[in-house]
1. For segment A:430-441, just list the computed ³J(HN,Hα) in residue order, Karplus coefficients 6.51, -1.76 and 1.60, θ = phi - 60°, integers in Hz, with x standing in for Gly and Pro.
2. Dividing the alpha-carbon Rg of the protein assembly as shown by 2.2 N^0.38 Å yields what?
3. Could you run the Karplus curve 6.51 cos²θ - 1.76 cosθ + 1.60 with θ = phi - 60° over segment B:370-375 and give me ³J(HN,Hα) per residue in whole Hz, x for Gly and Pro?
4. Just how far, in whole angstrom, is segment B:62-82 from segment A:196-218 if you go by their alpha carbon centroids?
5. Would you mind computing the Rg to Rh ratio of segment A:2-96 from its alpha-carbon coordinates, Kirkwood style for Rh?
6. For chain B, which whole percent of the accessible surface, found with a 1.4 angstrom probe, sits on carbon and sulfur atoms?
7. Relative to the first principal axis of the alpha-carbon coordinates of chain B, what is the inclination of helix B:2-11, with its axis defined by its Cα atoms, in degrees from 0 to 90 and to the nearest 10?
8. Under the rule of at least 5 residues apart or a separate chain, name every residue whose amide H is placed under 5 Å from the amide H of B:Glu207.
2 protein chains.
Amino acid sequence: MTTRLDTLINSLEGLEIITELSQVAKLSQDYHTFSPVLVPKLEGKVGDIVVRPANEEEVLKVAAACAKYRVPVTVRGAGTGNYGQCVPLHGGVILDMTRMHEIPWVKPGVARVEAGVKLAALDKKAREIGWEMRMTPSTYRTATIGGFIAGGSGGIGSVQYGLLGDRGNILALRVVTVEDEPRIIELRGDDVQKVNHAWGINGIITELEIPLGPAYPWAEVIVTFDDFMAAVNFGQALGNADGMIKKLISVFASQIPQYFHALQDYIPQGTHPVLLMLAESSLELLPGLVQEYGGKITYQKPAQEAGKGTHLAEFTWNHTTLHARTVDTSITYLQSMFPANQSLQLVEHLYHHFGDEVMMHLEFFRVNGSVIPGALQLVRYTTEERLNEIIRYHEAQGVFIANPHTYIIEDGGRKVIDPEQLKFKEMVDPYGLMNPGKSKALQLKIHN
Amino acid sequence: MTTRLDTLINSLEGLEIITELSQVAKLSQDYHTFSPVLVPKLEGKVGDIVVRPANEEEVLKVAAACAKYRVPVTVRGAGTGNYGQCVPLHGGVILDMTRMHEIPWVKPGVARVEAGVKLAALDKKAREIGWEMRMTPSTYRTATIGGFIAGGSGGIGSVQYGLLGDRGNILALRVVTVEDEPRIIELRGDDVQKVNHAWGINGIITELEIPLGPAYPWAEVIVTFDDFMAAVNFGQALGNADGMIKKLISVFASQIPQYFHALQDYIPQGTHPVLLMLAESSLELLPGLVQEYGGKITYQKPAQEAGKGTHLAEFTWNHTTLHARTVDTSITYLQSMFPANQSLQLVEHLYHHFGDEVMMHLEFFRVNGSVIPGALQLVRYTTEERLNEIIRYHEAQGVFIANPHTYIIEDGGRKVIDPEQLKFKEMVDPYGLMNPGKSKALQLKIHN
């Protein structure tokens, strides 16, 4: 492949190209290290070179060169994903999009951004006119918008707006095809689903239009409970309180806060904390609700101090796992969604069933109009067999598991690839060069 | 009573007082004329005088005088209520609050207003900084905020924020008591429920703090369907679409649009229209959803024209009834809420069951975290017996009816008065002078 690569490199004169091995290796990684199952499977998987395009014109050049020389191309943002989404299975070009961080415009309720814009940077810009991203992952300080759309599914804010895949949460995607003569295609309306959460196998996202939510002044609150299910029921009740505006409701079993060093003072040992982001105008109503469920408010940070000190969101969603793994690398996690009609009974059953082996961490979010608990349970890992047993038990109970211990799209949250996505894939990537090996449904067309 | 009244009038020197009979009679009325049952019951019920306070100090004077001379006092805003809420059963003072229309402040997400502020005026002011009322009745052009809180329950916007009684939708209420030495009491947090929807029996509301919602640019849309249940299912699906921001989803059976003269061109005869207010950023996603349910978009007004021409909201909620009654005064209405778990089947059953006698008009709104249909069905009135039969049939099917054909609080939507409201009532109105006769639970203490 080396000769082909050299020719490719030569054809990209003027573009920023990284060939230094340790750098390339670093930019071939993401946070799949959360999974002890993925680590051995993805070990040694590195790209051959990294290209860092400055604009769409350069992306077109890279796409044409990859098509011409039949070199795989794996697109990446900040690499904060956890399933090896941007680890190249068959070498080739790593396309690092982080230099494309322009924000063409922000209007009330909508923004147009390049794919490499960091979520925190977009939020900062949008807040100047009173708006912000509807939802962000816990990695928002470093993650890019393109990476979030291609590899993420929801996060802080999803309790209000649902998931990225819900109609209306992505307005437009502009992609470059990987063909002999690459094209630029702008997808709008329902067509954005052809590329959403497709792990970069369906065209190179260069620009996006996303809806914004109002930037309420968000207060941060910790409420603790002696009883775990009281914490869960409180979380659900707050989720259902239509007059109270919230951005985050995270519930933790009492074993988990030991991993939250910065919050130790506010979470008495043995209590189950709920971490909240709540519009300041709803804050006055919180004590009444907390009291109903027997909780105690132990920490409160007003919105005007949002930029200072500890930010509670950094302990939620998959940052919970990060904090736990910082202390104990044997810990891994699950991703679950409870069926709407019996979610809390199932949470209770599973909380007791696995005891200390599976530590319950719930995130409330909206699904089809209702607030339900999802979970990113912390798991004390022993063997892959045991992990699979735990997953199967959840599934047998009716819990949907978006398995984070696989790099195959269909084995994770998606289960099947949308036939529309496959049709689009054939059109935009006729040689099967984009992030090859990540989908069962696709025949590997690489000719090494 | 005349001597007592003259003394009272004398004691209120300097205040604006109306004694002219036709004026007083007019200001003793509201829109209970929607109900053929209420009309004869409230006929001839008028106050003795109208007082129009300019500020809270004057309200205190009126309260003291009413307490001293044991004269009933019935508070009113614009009189847009439909249950005779502000029709005085025992004469006395009509306290017209419409001169108190100051807006002390508007901040992002919250406003402080005097009780007599018109909803449209508050919206106009709030929109200057990008916010608006979370919900308004269809009478928002004339209705006052105090009247809405005391006599209303929800409206346009409730599909997002639920009802006024939901925690967080009222932040503070300031009331003047009717005692020998009237006091000013500010209720905050859950305590606001002591006065919410109490029809002015629990103190005179002088000032309020209410939360605001973001002022999205709202587009207005009409979608028509050949099949009624397709329209209903579409409405529910849009209600459940968490990524699409909406303020209004109103569904009408095909008989109703004949009363919407201004909309005739957009609603083909025999079709069932859905009237929508949708954030402009969600508009592009609408065609896909409409197509799924076999509907047709027949009208679309962009947000920048919101101030011009026909405003769809004016045909919804209880303005639907108003338009129908303009054409046919024999029409009256119901107010219903469908149980969350089987709402659409019940809608279908009732749509067929009563045929043309009960014309289905649905308004989707949030209850306890879920979007459900409520209904303000138009009823072709024949007799009170038949109306009660219709109501009883709905209730037997599990539909909650907030009966608009009674002036007794408990017989309407409330069913029972909160014991906290009763305790508060005893404190703030020891002589039972406030809007007497409207509650079963209260002994009439008036000494005529």
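1. Values per residue, Gly and Pro as x: x, 8, x, 9, 8, 6, x, x, 8, 10, 5, 6 Hz.
2. It is 1.05.
3. Per residue, the Karplus-derived 3J(HN,Hα) values read 10, 7, 10, x, x, 9 Hz.
4. If we compute the Cα centre of each part, the gap is 55 Å.
5. Computed over Cα atoms, the ratio is 0.98.
6. On the way: 8160 of 16430 Å².
The C+S portion of the solvent-accessible surface of chain B is 50 percent.
7. Once rounded, the angle reads 90 degrees.
8. When sequence neighbours closer than 5 places are left aside, the close amide H contacts are B:Ala115, B:Arg174.
The values are calculated or read from the model by the stated rules, or taken from the named source; none is laboratory data. All figures in this text were calculated on a predicted structure; none of them were measured in a lab. FYI the Cβ positions are ideal-geometry reconstructions off the backbone, even for glycines, and counts take in every protein chain you see. Keep in mind that these areas ignore ligands, DNA and RNA; they rest on the heavy atoms of the full protein, side chains included. Shrake-Rupley method; radii C 1.70, N 1.55, O 1.52, S 1.80 Å.
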